[in-house]
Structures are given as C-alpha cells and as structure tokens.
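To start, the structure itself, in structure tokens.
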Amino acid sequence: MNPNRYSLTFACYNSVEYTKLCVDSMVKNGTPLDRLIAVDNGSTDETRNYLATLPLGGRIFNKTNLGCGVAWNQGALVHQAEWTIIMNNDVLVSPLWIENLINTAEKIGVKIISPALIEGLLDYDFEEFERVAAKHMKNVHRIGARHAVCLAVHQSVWMDIGYFQPTPKLLGYEDTIFFNEARKANIKTAMTGASWLHHYGSITQTAMKLERGMKENDGLGYRYNYKLLNQSWLERKLIKVKREKQEYLWRDTEFKNHGMSVHGIRENGLFKWI
C-alpha cells in the first residue's frame, strides 16, 4: 500500500517505556515512521528526548496536557491523508496491520474501522498468537463496532461530522462524543479480525489518576460529561442495552465458530473473550 494514503498519530503523556515498546513494534513490523505524528502533552519524563531521536513524520510538543481531543486533532491535521489512524501509544502492532485494516474497510464499505484486540499483560507470545488469529479471523467483522484504542478514519468523516472535541477537561470522553456523532450521521463502522494489536491497557489514564490521587476504578472525566451527548436517560439506557446485547451475540457467535473472538483480555495466564 502506498504510505501516502495514510498517516498515524498518537498522544503521549509520560510512560515513555510504553511509547518505546510501541515504536519498536512498528519498526519491527515495517510501519513507516515518517507517516507517524507524535504529539506530546507536556510529559515530564524522558518522552520528549526519546521522540527527538526518531525519524518521525512530525512531532508536536504541547506545553501542558491539552487532552486527547486536541492532540489527536493536531496529529491528524499534519498530513491530512485519505486515511488517518488514531491510536494509543501503549500498544504493540503486527505485520501488515495497516494494510489489513484499510483494505478491509474498503472491502466491507466502512469509514471508521478498528483492529481486533488482546488487552492486559503480555505474558504470552503475541507474534505467534497473531499469526494464527489473523489467519482464522481475517473474515470476521463486527459491523457497527469500534473502539478508541485504535481507529482508522476516512477523510470523508472529518468533513461530515468534524474532528474530536478539543476540550482538555473531557479527560478521555472525546471518543464517546465522536462515536456518538458518527452514529447520528449513520457513518458505518467496524472492528475486524484481519488486523490485531496488543493493548497494555489505559496506561496514560492510569498515570493521570495516580497524579490526582484517584483510585484505579474511579472515573477520570467529569461525571456529567454525558450531558454533552444531548440524550435522555432512557435513550442512553436503550443504546447501552442494545450495544451490550449485540456484543454478547458477536462474542458467542465468534467463539462458537472459531474458539475465540476479536476482543480478548489476558487474565491469570488465560484469554477471556468478550
């Protein structure tokens, strides 16, 4: 695939060791770093020094933590490619993950697409797992699903619903608002087993909670952020119930047919399929 067709961006906030693991996996699997825009949101560790050593397509150093929405927008606007991949920096990628992601989106006709995920500890051989999983799950797609760990967004989406809401105090709620706008605009989304990532799990959010003296299970964002969706309690409840019902159906069908699903959590040395 012509790399000029896409760009990648992630936001950083400390936890440089995870950024290194992510970039190392990109290099190992042939992801062109000159298509990657790294946006640092005011890190105080060695993140900026590390980013300065890389042959990136761009780096943006914000003076303070402006939040995910601002950072994602900054990164997406640098290349303004046909496809923009918004991703976390606490992931490991796999061979041909970008090509498989975009080719699948075009094949099944969706404008926002996310890869399959294993989340949690890396106490298994991800490379071997991905080799087998990608073969068996390449034609498994959850039409209507998506997640913010990684999503490829077609340029037409920006024109239809705009970019992410650039409000720092949202503290991670930006993706919920964005996906809600996509739903209202009837923009097709999917999650595919043709492309896989390992996700260590909300490393930046955890670090920010620790800074604020919060517990791991505390919500980082403002408790009334949901009001920005302009939905009644009943509407939110019905949407949630419908989504959970569909997720159970996807999981059960995938497990019945393949012995696994496109979303797993690694717990106690085992895979939990969700």
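The values are calculated or read from the model by the stated rules, or taken from the named source; none is laboratory data. If you're wondering where the values come from, they're calculated on a predicted model, not measured in any experiment. Note that each Cβ is placed from the backbone with ideal geometry, even for glycine, and that neighbours are counted across all protein chains shown.
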query = From L77, L121, which residue is surrounded by fewer than 18 Cβ atoms within 10 Å (Cβ to Cβ), of a type in the set (A, V, I, L, M, F, W, C) and in contact with a strand residue (DSSP E or B) (Cβ under 6 Å, 6 or more places away or on another chain)?
reply = L121
key: Checking A133 against (1) of a type in the set (A, V, I, L, M); (2) surrounded by fewer than 17 Cβ atoms within 10 Å (Cβ to Cβ); (3) part of a helix (DSSP H, G or I); (4) touching a strand residue (DSSP E or B) at 6+ places or on another chain (Cβ under 8 Å), the condition it does not meet   = (2)
note = Note on the range 103-130: residues over 16 Å from the mean Cα position of the chain (by Cα) and under 22 Å from I85 (Cα atoms) are N103, T104, E106, K107, I108, G109, V110, F126, E127, E130
ask   = Hey, any hits in the range 90-110 for a residue that's under 18 Å from F164 (Cβ atoms), in a loop (DSSP other than H, G, I, E, B) and touching a residue at least 12 places away in the same chain (Cβ under 8 Å)?
value = no
ask   = Just wondering, is there one or more residues in the range 155-163 that are in contact with a Leu (Cβ under 6 Å, 6 or more places away or on another chain), part of a loop (DSSP other than H, G, I, E, B) and either at pLDDT 95 or above or under 30 Å from F255 (Cβ atoms) (or both)?
value = no
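Which residue, of T84, T104, T53, is buried (at least 23 other Cβ atoms within 10 Å of the Cβ) and either at negative phi or out of contact with any Pro (no Cβ under 7 Å at 6 or more places or on another chain) (or both)?
Sole residue among the options that is buried (at least 23 other Cβ atoms within 10 Å of the Cβ) and either at negative phi or out of contact with any Pro (no Cβ under 7 Å at 6 or more places or on another chain) (or both): T84.
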task = Determine if the range 87-98 includes at least one residue that is within 17 Å of the chain's Cα centre (by Cα), acidic (D, E) and buried (at least 23 other Cβ atoms within 10 Å of the Cβ).
result = yes
ask   = Quick one: what pairs do we get from the range 20-32, first residue among the acidic types (D, E), second surrounded by 15 or more Cβ atoms within 10 Å (Cβ to Cβ) and not in a loop (DSSP other than H, G, I, E, B), C-beta under 9 Å, 6+ apart or different chains?
value = D24/L92
Lone unmet requirement of (1) free of Cβ contacts under 8 Å to residues at least 40 places away in the same chain; (2) in a helix (DSSP H, G or I); (3) small (G, A, S) for G75 = (1)
task = Looking only at the range 247-274, count how many residues are of a type in the set (D, E), exposed (fewer than 14 other Cβ atoms within 10 Å of the Cβ) and within 20 Å of N139 (Cβ to Cβ).
result = 1
ask   = Just one of L56, L33, L51, L77 is modelled with pLDDT of 95 or more and closer than 27 Å to F129 by Cβ; which is it?
value = L33
